[in-house]
Amino acid sequence: MFEGKVAVVTGGANGIGKCIAGEFQKCGAQAAVIDKAPGDHFVGDLADKGVLENFAAHVIEQYGHVDYLINNALPLMRGIDKCSYEEFQYALSVGVTAPFYLSKLFAPYFSEGGSIINISSSRDRMSQPQTESYTAAKGGIAALTHALAVSFAGKVRVNSISPGWIDTSFKCYEGPDAVQQPVHRVGNPLDIANMVLFLCSDKAGFITGENICIDGGMTRQMIYHGDHGWVLEAESDAKK
């Protein structure tokens, strides 16, 4: 299905990104990876405009075109108590600006039937305390998705995926960590990679501008104190 295709994956050295790149390669595609971590890929910081331009030029020089752009790189997570102005800006640069700019740089080089997949998070719709920089970036890329889908209409389909709890080590959880989730397990990178490949395939040819949450049903589960064994322990009580 992907023989001879070119998939660009940001943050592809580890975790979900590495799994996505690997699954594309198994299906015959070439994977062009960029990551801050050292390795056998393009190494660079996605917050740096020059790095983005050099990476895009490198990809086009090597392959001549792009079929799929997977904006996966993780932004910094800092909360309102400790996040500095610079850290918040950095998170947005990696999580929103880089996906926008790479989409712009590759725009003339997308093949017919091209696809952009933005990796958001279930935090684009719900939060834990002290996660503002990450949550803002993930909300931004989810909104950027439908804007790009309209701008690229007729040329490139653009969708986003919002993962929930994904254990990148493929650890198998038991007990409350698993049972609290409607599917009774924690997710793994293949749960996301499989959807990426589906959305890039012709089978998803009528899907664009969409956000798909893959979280085992957690964001669909209503939680109230005292309901089905859920108990809220107030902070004041927890310290006693």
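Every number in this text was worked out from the coordinates using simple rules, so none of it is lab data. Because the structure is predicted, anything quoted here is derived from the model rather than measured. All Cβ positions, glycine included, derive from the backbone under ideal geometry; neighbour counts span all protein chains shown.
Rounded to the nearest 20 debye, what is the charge dipole size of the chain about its Cα centre when +1 sits on each Lys and Arg Cβ and -1 on each Asp and Glu Cβ? Numbers along the way, then the final one.
Details: 19 positive and 26 negative charges, 52 e Å.
Rounded to the nearest 20 debye, it is 240 debye.
Treat each spin label as a single point 7 Å out from the Cα along the C-beta direction, and report the residue 109 to residue 57 distance in nm.
About 1.1 nm, to one decimal.
Would you calculate the convex hull of the Cα atoms in the chain and tell me its volume per residue in Å³?
143 Å³
Got a sec? How would 165, 230 order by Cβ neighbour count within 10 Å, fewest to most? Intermediate values should be presented prior to the final figure.
On the way: 165 17, 230 12.
Ordered by Cβ neighbours within 10 Å, fewest first: 230, 165.
Could you tell me the distance between the Cα centroids of segment 31-55 and segment 89-104, to the nearest Å?
Segment 31-55 and segment 89-104 have Cα centres spaced 13 Å from each other.
222 nm [θ] for the chain, helices only, -39500 (n - 2.57) per DSSP H run of 4+, per residue, to 500? Before the final figure, lay out each step's value.
On the way: 8 runs with 84 residues, N = 240.
Value at 222 nm, helices only: -10500 deg cm²/dmol.
Compute the long axis of helix 132-151 from its Cα atoms, compare it with the longest principal axis of the Cα atoms of the chain, and write down the angle in degrees, 0 to 90, nearest 10.
Orientation of helix 132-151: about 40 degrees from the principal axis.
Students often check this: by mean Cβ neighbours within 10 Å, which of 137-145, 124-132, 216-224 ranks highest, and how do the rest follow?
Order by mean packing, descending: 137-145, 124-132, 216-224.
Could you list 228, 146 so that the one with the fewest beta carbons within 10 Å of its beta carbon is first and the one with the most is last?
Details: 228 8, 146 16.
With the sparsest Cβ surroundings first, the list reads 228, 146.
Name the residue from 58, 170, 143 whose Cα lies farthest towards the positive end of the charge dipole of the chain, charges +1 on Cβ of Lys and Arg and -1 on Cβ of Asp and Glu.
143
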